[in-house]
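Worksheet: one structure, shown below.
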Amino acid sequence: MMRPTWNSDRRRTAIGRMALSVPARQALADRQLTVDRTVLDYGCGRGDDVKVLERLGCQVQGWDPYYRSDAEVEVSDVVLLTYVLNVIEDPVERGQTLARAWELTSTLLVVSARLTWEQAKVRGQEFGDGLLTSRQTFQHLYAASELREYVEQVTGARVVAAAPGVVYAFRDEAARLSYLAQRVIPDADWLASEDTASAVSAVVDFFERRGRAPRIEEMPRTVAELLAQLRPGEVKRLVREGADPKRADAAAKQSTLNTLLYLAVELFNGRGPFGNLPVGLQQDVRTFFSSYKEACQRADRLLFKLRDDGYVRNAMNASVAGKVTPTALYVHRRALDRIPTVLRLYEHCASIAAGRPEQWTMAKLKHQGRAVSWLDYPDFNEDPHPRIKSSYMVDLQTLQASHLSYESSANRPLLHRKHEFLAPDDPDVPRYRRLTESEMRAGLYERPHLIGTENGWEAELVRCGRQLRGHRLVRRADA
Ligand SMILES: C[S@@+](CC[C@H](N)C(=O)[O-])C[C@H]1O[C@@H](n2cnc3c(N)ncnc32)[C@H](O)[C@@H]1O
């Protein structure tokens, strides 16, 4: 293919930002932009992210060929390459820019690009492998899997999609494994402790949540310092006496499953040596398995089970949380960690491949083929029949991702029987169930083919002489 010779006006691609960019916000939320790490914003444009990160206490520098070309560029812990690749019209220079950003990275490179689903927003003539807009700027929009594969190919690193259009390439394996652990099994907060008694209570609480005692390296410094005043045997005895054995047993079972889930996710993204695992996971493996090898073998089998339709289907039918339809399991975000481990793995694999969107309420896991959608119902809690705002779907077989927005739709799909998407012990379930029962008594579910969208549902409410007042069904004033 002939390379285009024209140079686009790249300077014009840098817009002034009112708030932190999506990728920087994501990296912040993922605890990758900590105050002890140095950060380089490579291709920082007008430098608005640099300013905000500086205010947040980060040691950050920005460099841009047009706006800050004389700034110093040094190897940094975290390098941000934010919406730069998509504006470079020359594919060779694009690859060189990514390679240069990687050279400057010692721990993590965060690469973001605009995605193909924004196609409708970018108008222009075809040019090379992208579009030339009326402002003389170039845009190559990426498919979600294309961005991840491209970064993998140029850096040679294992890449994780942090969000749609945002990928992380780790140079430091321990940092990658620790990030995966944080995603799969987020750390619970430690109870506050001011004296030895409260420090012991904090350890008891950990023991009841994790099913094992913490190692000293896992404790917050204050707890470790307070407990250092006691003899180790004494701490063990106090914890054993203070903990509820039933809760600790249940937690040990859950931790075993969480460890398997983690190791299977790790296998999907690339397994590392035991010594690179975060300390807490090393300890989980030692406590709940006979060896790392045994744990890995069981995790490998779990990942393998994901390919088995019958197994996945049975797991969906056996799930205590979520609703199984003829095509998929739908589960609310609040209940996601209550579904069987193989299904949690299913959702994690999709999110690592294409990124979970920032806003979502419900996950939909298909049982024929392998595809996960994250559906956004922003008013799920307040609206008795929440309306969908958007959906982001990733097909695990083709790794294609697609996005659908319902914002301009006049007749959006909506949900019924909300309690079915939650775990049975969710505090909102009784209220939602009462509403469903009164809707059934009023005859509102007699014509199921009509009620799936706003207009049909409204017409059925009128036909049955009912209206909704919050989560209560009442007679219509005009009936
Ligand atoms: C869409 S702007 C993004 C700016 C900034 N990162 C942000 O998100 O606000 C693209 C930026 O890429 C910069 N850029 C273009 N070619 C580059 C290259 N080869 N190396 C580094 N930056 C480049 C441009 O100067 C421009 O500031």
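The values are calculated or read from the model by the stated rules, or taken from the named source; none is laboratory data. Note that this is a predicted model, so its numbers are computed, not measured. In this analysis, Cβ positions are derived from the backbone assuming ideal geometry, glycine residues included, and neighbour counts consider all displayed protein chains.
What the table below lists for this structure:
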quantity: Checking residue 205 against (1) under 23 Å from the mean Cα position of the chain (by Cα); (2) modelled with pLDDT of 95 or more, the condition it does not meet; calculated: (1)
quantity: Scan of region 66-99 for residues that are more than 20 Å from residue 35 (Cα to Cα) and hydrophobic (A, V, I, L, M, F, W, C), ordered by number; calculated: 71, 84, 85, 87, 88, 92, 98, 99
quantity: Residues that are in a helix (DSSP H, G or I) and aromatic (Phe, Trp, Tyr), drawn from region 106-155; calculated: 117, 150
quantity: Criterion (in a helix (DSSP H, G or I), at pLDDT 95 or above and more than 24 Å from the chain's Cα centre (by Cα)) met by exactly one of 299, 248; calculated: 248
quantity: Given (1) touching a residue at least 12 places away in the same chain (Cβ under 8 Å); (2) among the hydrophobic types (A, V, I, L, M, F, W, C); (3) part of a strand (DSSP E or B), number of the condition residue 102 does not satisfy; calculated: (3)
quantity: Residue in region 16-25 that is of a type outside the set (A, V, I, L, M, F, W, C), exposed (fewer than 14 other Cβ atoms within 10 Å of the Cβ) and at pLDDT 95 or above present; calculated: no
quantity: Selection from region 238-282 of residues that are among the polar types (S, T, N, Q) and in contact with a Cys (Cβ under 9 Å, 6 or more places away or on another chain); calculated: 269
quantity: Residue ID - nearest to the ligand (Cβ to nearest atom), chosen from residues in region 14-61 that are part of a loop (DSSP other than H, G, I, E, B), under 20 Å from residue 167 (Cβ atoms) and free of Cβ contacts under 8 Å to residues at least 40 places away in the same chain; calculated: 45
quantity: Candidate set: region 74-103, residues that are in contact with a Lys or Arg (Cβ under 8 Å, 6 or more places away or on another chain) and near the ligand (Cβ under 10 Å from one of its atoms); chosen: the one nearest to residue 48 (Cα to Cα); calculated: 83
quantity: Residue count for region 11-56, restricted to those that are among the basic types (Lys, Arg) and closer than 16 Å to residue 87 by Cα; calculated: 3
quantity: Among the residues listed as 12, 3, the single one being in contact with a Lys or Arg (Cβ under 6 Å, 6 or more places away or on another chain), closer than 21 Å to residue 132 by Cβ and either at pLDDT below 95 or buried (at least 22 other Cβ atoms within 10 Å of the Cβ) (or both); calculated: 12
quantity: Filter pass, residue 208 being more than 23 Å from residue 162 (Cα to Cα) and either touching a strand residue (DSSP E or B) at 6+ places or on another chain (Cβ under 6 Å) or of a type outside the set (Gly, Ala, Ser) (or both); calculated: yes
quantity: Flag for residue 64 being buried (at least 18 other Cβ atoms within 10 Å of the Cβ), within 14 Å of the ligand (Cβ to nearest atom) and in contact (Cβ under 8 Å) with a residue 40 or more places away in the chain; calculated: yes
quantity: Filter pass, residue 210 being modelled with pLDDT of 95 or more, within 19 Å of residue 278 (Cβ to Cβ) and not aliphatic (A, V, I, L, M); calculated: yes
quantity: The lone exception for residue 135 - which of (1) away from the ligand (no atom under 13 Å from the Cβ); (2) in contact (Cβ under 8 Å) with a residue 40 or more places away in the chain; (3) exposed (fewer than 14 other Cβ atoms within 10 Å of the Cβ) it fails; calculated: (1)
quantity: Residue ID - nearest to residue 147 (Cα to Cα), chosen from residues in region 110-126 that are away from the ligand (no atom under 13 Å from the Cβ) and of a type in the set (A, V, I, L, M); calculated: 115
quantity: Meets criteria (in the same structural domain as residue 375 (by TED's automatic domain parsing) and part of a helix (DSSP H, G or I)) for residue 329; calculated: no
quantity: Residue 77 surrounded by fewer than 16 Cβ atoms within 10 Å (Cβ to Cβ) and either modelled with pLDDT under 95 or under 23 Å from residue 178 (Cα atoms) (or both); calculated: no
quantity: Strands (runs of 3 or more DSSP E) within region 386-479 that include 3 or more residues farther than 29 Å from residue 369 by Cβ and more than 28 Å from the chain's Cα centre (by Cα); calculated: 466-469, 472-475
quantity: Selected residue (only one of 320, 312 is buried (at least 21 other Cβ atoms within 10 Å of the Cβ) and of a type in the set (Val, Ile, Thr)); calculated: 312
